[in-house]
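Colleague: Quick one: structure below, then a few questions.
The values are calculated or read from the model by the stated rules, or taken from the named source; none is laboratory data. Being a predicted model, the structure only gives us computed values, none of them experimental. Note that each Cβ is placed from the backbone with ideal geometry, even for glycine, and that neighbours are counted across all protein chains shown.
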Amino acid sequence: MRKWPIATLAAREPDKYKATLVSQPNGRPVRHHRNPPVSVEVAKNGDDRRLAFKLPDGSDLIYLDHAGTAYAVRLPASNTLN
């Protein structure tokens, strides 16, 4: 088995960022699948972090880490609020 050299990279996590990740079942477009994709929004602002999951039923699951305290919030799908 060939061994590859390990390189190190001097880098640090940025203080601010935001990204959205989308997962599609089996890599197929949604129209060919019963289950819609699950998306996750990841954000950081200083020491605060946020993960927001859009679940297949349309609800949101949000994880917040603010000032060293973690919070989890589940919001119902927007079509269930009347």
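Colleague: May I ask you to list pairs of residues, at least six apart or on different chains, whose Cβ atoms are under 8 Å apart, with the first in region 69-82 being exposed (fewer than 10 other Cβ atoms within 10 Å of the Cβ) and the second being modelled with pLDDT of 85 or more?
Modeller: That search, which allows pairs on different chains as well, returns ALA70/TYR63; ALA70/LEU64; ALA72/LEU61; ALA72/ILE62; ALA72/TYR63; ALA72/LEU64.
Colleague: Still on this structure, please answer the following. Looking at the structure I just gave you, is LEU75 at pLDDT 95 or above and more than 15 Å from THR20 (Cβ to Cβ)?
Modeller: Answer is no for this residue.
Colleague: Sticking with this structure for a sec: Does LYS54 fit the bill of being at pLDDT 95 or above and under 30 Å from ARG12 (Cα atoms)?
Modeller: No, not satisfied.
Colleague: Moving to a separate point now. Would you pick out the residues in region 29-51 that are touching a Phe, Trp or Tyr at 6+ places or on another chain (Cβ under 9 Å) and modelled with pLDDT under 90?
Modeller: Passing the criteria: VAL38, SER39.
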